[in-house]
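Worksheet: one structure, shown below.
The values are calculated or read from the model by the stated rules, or taken from the named source; none is laboratory data. Source: prediction; values computed, not measured. As a convention, Cβ positions derive from the backbone with ideal geometry for all residues, glycine included, and neighbour counts pool all protein chains shown.
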Ligand code: ATP
């Protein structure tokens, strides 16, 4: 049963519109602290449970590519961008499970805000049959103590070591400080003519400038058409 050599792959999903140092530090710290063999950033095409992102999939992918240049610890997984139609995490995990095999440990990382919406995700009860969930909470924040999410927490609660000895089915809570950076704030800064420098990699900012991204979009909110 115990297989300490199980390969452990983690996914960190988001719109990355644009990618910033909050995302990058979070992904790197998770990889290091939880001992994953791989940490993949997984940009979503058109998340079912969020408004549409501000710029096209190609721009978001290109910005992630620039942010990850020369970083051996983080990878880019483009599968959701390549799929047409809505992106469901469960489909992504089914596909990955098929590719990586039954033995691999797969962890899907999310913030507490995402965990709280879990019961509304497409086929959410299947997620833990395919992967572990790693939930990041800010220090001092409370997990829900009753309701559906509290039940999931109770039934699946696990430790970091479980991510290496089991292939799926555990929910691990990880307390971690978040840099106070959000993509919404970056889009608003640019739209109002201010600089978001030092909140995101210089190469990403250069790309945004070169392509004149976010100049108007943020003022209209997230729900504008591409
Ligand atoms: P937006 O402001 O458009 O909602 P965002 O900056 O929150 O964007 P997302 O692409 O929605 O970024 O988030 C991707 C993932 O990164 C989510 O799991 C989210 O919880 C996490 N995340 C967002 N901001 C930070 C941050 N400052 N530090 C660590 N993780 C973050």
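Do we have any residue at all in the stretch 149-156 that's touching a residue at least 24 places away in the same chain (Cβ under 8 Å) and part of a loop (DSSP other than H, G, I, E, B)? First the steps, then the outcome.
Of all residues in the stretch 149-156, those touching a residue at least 24 places away in the same chain (Cβ under 8 Å) come to 149, 152, 156.
Now drop any that are not part of a loop (DSSP other than H, G, I, E, B), which leaves none.
There is no residue in the stretch 149-156 that is touching a residue at least 24 places away in the same chain (Cβ under 8 Å) and part of a loop (DSSP other than H, G, I, E, B).
Here is a yes/no grid of residues against (1) under 22 Å from residue 97 (Cβ atoms); (2) over 19 Å from the mean Cα position of the chain (by Cα):
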| position | (1), (2) |
| --- | --- |
| 123 | yes, no |
| 145 | no, yes |
| 164 | yes, yes |
| 175 | no, no |
| 195 | no, yes |
| 198 | no, yes |
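Filtering the stretch 99-115 for residues that are part of a helix (DSSP H, G or I), touching a residue at least 60 places away in the same chain (Cβ under 8 Å) and more than 27 Å from residue 178 (Cα to Cα) leaves a non-empty set. Suppose we keep only residues that are free of Cβ contacts under 8 Å to residues at least 60 places away in the same chain and assigned to a loop (DSSP other than H, G, I, E, B) within the stretch 164-179. Which one would you say is farthest from the ligand (Cβ to nearest atom)? That would be 169. Scanning the stretch 99-117 for residues that are more than 10 Å from residue 130 (Cα to Cα), more than 16 Å from the ligand (Cβ to nearest atom) and out of contact with any strand residue (DSSP E or B) (no Cβ under 8 Å at 6 or more places or on another chain) returns 99, 101, 103.
Applying the set (1) away from the ligand (no atom under 16 Å from the Cβ); (2) within 23 Å of residue 22 (Cα to Cα) to residue 138 leaves exactly one unmet item: (1).
Every residue in the stretch 58-94 that is assigned to a helix (DSSP H, G or I), away from the ligand (no atom under 14 Å from the Cβ) and either under 27 Å from residue 33 (Cβ atoms) or touching a residue at least 60 places away in the same chain (Cβ under 8 Å) (or both), please. Working first, answer last.
Just the residues of the stretch 58-94 that are assigned to a helix (DSSP H, G or I), to begin with: 58-68, 79-82, 89-94.
Then drop every residue that is not away from the ligand (no atom under 14 Å from the Cβ), which leaves 58, 62, 65-66, 68, 79, 82, 90-94.
Within the stretch 58-94, 62, 65, 66, 68, 79, 90, 92, 93 meet the criteria.
For the stretch 8-42, taking the residues that are in a strand (DSSP E or B) and modelled with pLDDT under 95, the one that is surrounded by the fewest Cβ atoms within 10 Å (Cβ to Cβ) is identified as 13.
Looking at the structure I just gave you, is residue 149 crowded, with 16+ Cβ neighbours inside 10 Å, touching a helix residue (DSSP H, G or I) at 6+ places or on another chain (Cβ under 8 Å) and farther than 25 Å from residue 77 by Cα?
Values: crowded, with 16+ Cβ neighbours inside 10 Å: yes; touching a helix residue (DSSP H, G or I) at 6+ places or on another chain (Cβ under 8 Å): yes; farther than 25 Å from residue 77 by Cα: yes.
Judged against the criteria, residue 149 is a match.
When restricted to residues that are at pLDDT 95 or above and more than 14 Å from residue 20 (Cβ to Cβ), the stretch 60-76 contains 9.
Tell me, which residue of the stretch 181-195 that is free of Cβ contacts under 8 Å to residues at least 60 places away in the same chain and in a loop (DSSP other than H, G, I, E, B) is farthest from the ligand (Cβ to nearest atom)? Step through it out loud before you land on a result.
Within the stretch 181-195, the first condition is being free of Cβ contacts under 8 Å to residues at least 60 places away in the same chain, and the residues that meet it are 184-185, 188-195.
Next cut, in a loop (DSSP other than H, G, I, E, B) only: 192-195.
Numbers: 192: 15, 193: 19, 194: 16, 195: 17 Å.
Across the stretch 181-195, the extreme among qualifying residues is 193.
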